[in-house]
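The values are calculated or read from the model by the stated rules, or taken from the named source; none is laboratory data. Everything quoted here is computed from the prediction, not taken from an experiment. Virtual Cβ from ideal backbone geometry, glycine too; neighbours counted across all protein chains shown. To get the accessible areas, we keep the full protein, side chains included, count just its heavy atoms, and leave off ligands, DNA and RNA. Shrake-Rupley method; radii C 1.70, N 1.55, O 1.52, S 1.80 Å.
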Amino acid sequence: MSDQEDKKIALVTGAGRGIGKAIALSLAGEGYHIICVSRSESSCGAVAEEIVSSGGSAEAHALDVSDASAVEKTCEALLEKHGLINILVNNAGITKDNLVFRMGEEDWDAVLNTNLKSVFTFTKYLARPMTRKRWGRIINIASVIGLTGNAGQANYSAAKAGIIGLSKSLAKEFAARNVTVNVVAPGFIETDMTSILSEEQKTAILGVIPMKRMGTASDIANITTFLASNKSDYITGQVFTVDGGMVM
Ligand code: NAP
């Protein structure tokens, strides 16, 4: 990008670790200014510093994405500062697994509010300037579990399936304004989220992945970076599974 005015701005939630960090670094490599959001200042701050120290441009905001009023305040401040955020990647997510009879209401609410409601709130506050500018990209990170369901993950699968329905509605609302909304549904990716799986669980998972390996955060960052670019101009309302062939 030749001129500062043309520099696109991307906000990535959950940018402190794992998939979000890989997405932030990859988009920074394309020359975008990156707004790194995560729960703790230490994680999003470190990623922003890493981007800046390698010659890129970034800032960090510690924020609980499940807190709608905190999201509203942060988005207002960011729009005041930047005028427009061109690319929104809703990636922040948590799991709180249990069989449904043992699942507490707090665990249901925490997973739905963090994984799904945050997509609604960030979009609500950041999409309007994109529609005015007639260019925008919203990329939501769901999961194959939102397509297949999984015993012990009723809250997580409901949130991830919800992201898919929400994204398709948003895609229809924004299409005429050239703002695209797409979903990436990762399979099993090596991050902190999956590091808690036992060796037995990992062996069982590898048994159902035709490519016989877990994915990397870069596998998800690569497609997200494509969807954030002009090269994906005519693609909206789609779900891209990135899972080594597990769900076909
Ligand atoms: P991760 O390593 O656990 O990192 C999660 C990131 O989200 C962290 O940066 C964390 O912030 C942030 N976060 C969590 N709750 C938040 C909140 N309430 N407010 C703000 N930030 C919050 O997870 P991951 O494996 O990279 O997963 C990223 C996304 O991919 C999630 O939506 C997940 O559901 C999805 N996914 C992952 C896999 C997988 O196999 N890993 C598969 C399918 C889908 P801190 O760093 O401050 O804690």
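Considering only Cα-Cα distances, which of the following residue pairs are longer than 26 Å: K160/K202; K133/K160; K117/K202; K202/K231? Long pairs (Cα-Cα over 26 Å): K133/K160; K117/K202; K202/K231. Spin-label model, A110/I196: points 7 Å from Cα along the beta carbon direction are separated by 0.8 nm. Compute the acute angle (0 to 90°) between the alpha-carbon long axis of helix 118-133 and the principal axis of greatest extent of the alpha-carbon atoms of the chain; round to the nearest 10°. Compared with the principal axis, the helix lies near 30 degrees. For L227, what is the net charge nearby, where nearby means another residue's Cβ is under 13 Å from its Cβ and Lys, Arg count +1, Asp, Glu -1? With Lys, Arg at +1 and Asp, Glu at -1, the net is 0. Across the chain, the volume of the C-alpha convex hull divided among the residues equals 125 Å³ per residue.
For a 4.7 Å threshold on C-beta separation, the list of partnerless cysteines in the chain reads C75.
Relative to the dominant Cα principal axis of the chain, helix 68-82 is inclined by about 30°. Protein heavy-atom surface of the chain, 1.4 angstrom probe: 51% of the accessible area is carbon and sulfur, with nucleic acids and ligands not counted. The local environment of I19, defined by Cβ-Cβ distances under 12 Å, has a net charge of -1 under the rule Lys, Arg +1 and Asp, Glu -1. Average 1/r across all pairs of distinct alpha carbons in segment 124-207, invert it, and you get the Kirkwood radius: 14.6 Å. Note on the chain: GNM, Cα springs under 10 Å; of L147, L206, L25, the largest mean-square fluctuation is that of L206. All other residues whose Cβ lies under 14 angstrom from that of I94 are scored, Lys and Arg at +1 and Asp and Glu at -1, for a net of -2.
For the chain, the 222 nm mean residue ellipticity estimated from helices alone, with every DSSP H stretch of n ≥ 4 adding -39500 (n - 2.57) and the total spread over all residues, rounds to -14000 deg cm²/dmol. Subtracting the Cα-Cα distance of N150 and N230 from 0.36 nm times their residue separation leaves 25.3 nm of extension gain.
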